[in-house]
Amino acid sequence: MKVLLSIKPEFAESILDGKKHFEFRKRIFKRDNIEKVIIYATMPVGKVIGEFDIDGVLAMEPKDLWQETKDNAGISLNFFESYFSGKQQGFAIKVKNPKRYENPCNLNDILDNAVAPQSYRYL
């Protein structure tokens, strides 16, 4: 199964360039059979620009999550701490085989009457 994730353009680009090996989330999917992420780069891009395979999901206290992922996080410690402020648990989706689409598409090209997901949407 696939999931559509809304990701800020700068982080989406870092994933597709192979610089960011983890996508951090405050909440994670409820289903456990998710194998692929379709990347929706949020505004100002507003397009589906690529995908990656999921190579596992880390779930732990933010301080431990940072220690585990910091070398390939693709974000600063300040951003990480701000993002997970007040959270008891954080999640990191391990990125595998990122693929940039030659022709980015609109959400409506993959879903009828689609709107950008606040966090994620099952496909």
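The values are calculated or read from the model by the stated rules, or taken from the named source; none is laboratory data. Since the structure is predicted, the reported quantities are computational estimates derived from the model, not experimental observations. All Cβ positions, even for glycine, are placed from backbone atoms using ideal geometry, and neighbour counts span all protein chains on display.
Only residues that are under 12 Å from Ile39 (Cα atoms) and not aliphatic (A, V, I, L, M): list them for the range 100-121, please. Arg100, Tyr101, Pro104, Cys105, Asn106, Pro117, Ser119, Tyr120, Arg121, listed by residue number. Among what's in the range 28-38 and is over 11 Å from the mean Cα position of the chain (by Cα) and not β-branched (Val, Ile, Thr), pick the residue that is modelled with the lowest pLDDT. Among those residues, the one meeting the criterion is Asp32. Among the residues that make up the range 71-79, is at least one of them in contact (Cβ under 8 Å) with a residue 12 or more places away in the chain, in a helix (DSSP H, G or I), surrounded by 12 or more Cβ atoms within 10 Å (Cβ to Cβ) and of a type in the set (S, T, N, Q)? The answer is yes, given that some residue of the range 71-79 is in contact (Cβ under 8 Å) with a residue 12 or more places away in the chain, in a helix (DSSP H, G or I), surrounded by 12 or more Cβ atoms within 10 Å (Cβ to Cβ) and of a type in the set (S, T, N, Q).
Any residue that is under 17 Å from Ile7 (Cβ atoms) and in a loop (DSSP other than H, G, I, E, B) - is there at least one of those in the range 100-107? Within the range 100-107, one or more residues are under 17 Å from Ile7 (Cβ atoms) and in a loop (DSSP other than H, G, I, E, B). Scanning the range 12-27 for residues that are modelled with pLDDT of 95 or more and surrounded by fewer than 20 Cβ atoms within 10 Å (Cβ to Cβ), we see that the one that is farthest from Asn108 (Cα to Cα) is Lys19.
Within the range 96-123, can you find the residues that are free of Cβ contacts under 8 Å to residues at least 40 places away in the same chain and under 12 Å from Glu51 (Cα atoms)? Across the range 96-123, the qualifying residue is only Glu102.
Set side by side, the residues Val37, Val48 differ, and just one is crowded, with 19+ Cβ neighbours inside 10 Å, outside any loop (DSSP other than H, G, I, E, B) and touching an Asp or Glu at 6+ places or on another chain (Cβ under 7 Å), which is Val37.
I want to confirm something. Restricting to the range 81-106 and keeping residues that are surrounded by 19 or more Cβ atoms within 10 Å (Cβ to Cβ) and hydrophobic (A, V, I, L, M, F, W, C), which single residue is farthest from Lys19 (Cα to Cα)?
Phe84
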